[in-house]
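A quick write-up on the structure given underneath.
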Amino acid sequence: MLFRNAKIFDGTGFYSGEFSVSEETGKFVSVGKHAATDISGYGDVIDLNGSYVIPGLIDIHTHGNSGADFSDGDYDGLKKMAAFYLSHGITSFCPTSMTFPYDVLEKAFATAGDYADSADANGARLAGIHMEGPYFSEKKKGAQNAAYLKLPDYDGFKKLYDGCNGLIRIIDIAPELDGASEFTEKASGLCTVSVAHTDASYEDTVKVYEAGAKHLTHLYNAMPGIHHRNPGVIGAASEREGITAELICDGLHVHESAVRMAFKLFPNRICLISDSLRCAGMPDGEYTLGGQNVYLKDNIARLIDGTIAGSATNLYQCMINAISFGIDKASAINAATINPAHAIGMDDILGSIAPGKYADFVVCDETLKERKAIYREGKAI
């Protein structure tokens, strides 16, 4: 299959070109200004008429949508979530758990494994699990349920990891907890360790990053702010070039000025996320999160005490928001595609339009706001 007359995103901007996709593997075969001089052997030839083509988006931190939550451990709910993502141009995702007892997590993780094995073509690809909790600080628990918080427990984590055949891609931890560095040394050999829901000092955070952590979960949220005499978690992460940082860009969790600051603090290292809840795509009302009630009103989800929970948006809208806040288009696209792919160790097969990678892409207008077509593995949804 050959796609011609496209404006292709190459990581820095767009150029006029064409690309071919293998119908057998669902991967890009050739990409370039003149990818094919002889089109006779390519089967279907699709003229994109000058439309813009970006990689399919990758949401590495999302709890749910459409009334479903990953932690429910419900297969049909997870399938519904995946269909919602794909319909919005999000072609891969990491369903994200909340702080729960191990038996609840075990069920949810097993369900993720079943869905990943199904290779459902009608939904986004399940790229792995983001395990958010239970190794968090009570002081910065945010919307996490304090009743289920635990100290770092590698044996418990490893049992969950093995139980889902290594599907966990990110595990979160608060650096100030006893045993955090030792846990990180072991867990970082299996997946990405991320700093989250923490009141840690700069010094404690440095120890965890030196032990092998590589990521920062929802920058600014559920952590101390930056102070010139106490740079804390953000200071420790931003000065290390190997650290990627998530950013909720729904226009509510983080002020647009702080969004612009984030892209300067973490150049080429921001991963836009939705942190969406089951109320995403749903009307105002009462929902649940981590065993707690959440109230959605005017697109803001809060706990009963007023704490902002996750979001009610999707990653594609977050990317559009970032651009509207003054982030250049290329940086915003990378933050929703190749950067998250790198953060979960899958940038060899996801995140950009390049030979050998899965042909997940979105055909859109110049503003990116109009999605004309969405493809997963070379097949239009």
From the coordinates shown, volume of the Cα convex hull per residue in Å³ corresponds to which of (i) 165; (ii) 145; (iii) 123: (iii)
The FRET efficiency for Lys264 and His228, from their Cβ-Cβ distance with R0 = 22 Å and rounded to 0.05, is 0.85
Ranked list, fewest to most other Cβ atoms within 10 Å of each Cβ, for Met261, Met98, Met81: Met261, Met98, Met81
Taking the beta-carbon count within 10 Å as an exposure proxy, list Arg125, Arg4 from fewest neighbours to most. Arg4, Arg125
Length released on extending from Thr367 to Asn165, taking residue separation times 0.36 nm less the Cα-Cα span: 68.7 nm
Straight-distance crosslink candidates among aspartates and glutamates, where the alpha carbon sits under 16 Å from Lys372 and sequence neighbours closer than 8 are dropped: Asp47, Asp360
From fewest to most C-beta neighbours within 10 Å, the residues Leu219, Leu265 line up as Leu265, Leu219
Backbone N within the stretch 112-144 under 12 Å of label point (7 Å from Thr288 Cα along the Cβ vector): none
Candidates Met131, Met319, Met346, ranked by Gaussian network fluctuation over the chain, Cα under 10 Å, top entry: Met346
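Please identify the longest segment of the chain free of exposed GluC sites (Glu not before Pro), where exposed means a DSSP state other than H, G, I, E or B and no more than 12 other Cβ atoms within 10 Å.
Looking at the chain, 242-365 is the longest stretch - no exposed GluC sites (Glu not before Pro) with at most 12 other Cβ atoms within 10 Å.
Readers should treat all values here as calculations from the given coordinates under stated rules, not as data from a laboratory. Small disclaimer: the values here were computed from a predicted structure and weren't measured. Cβ atoms come from the backbone with ideal geometry, glycine included; neighbour counts cover every protein chain shown.
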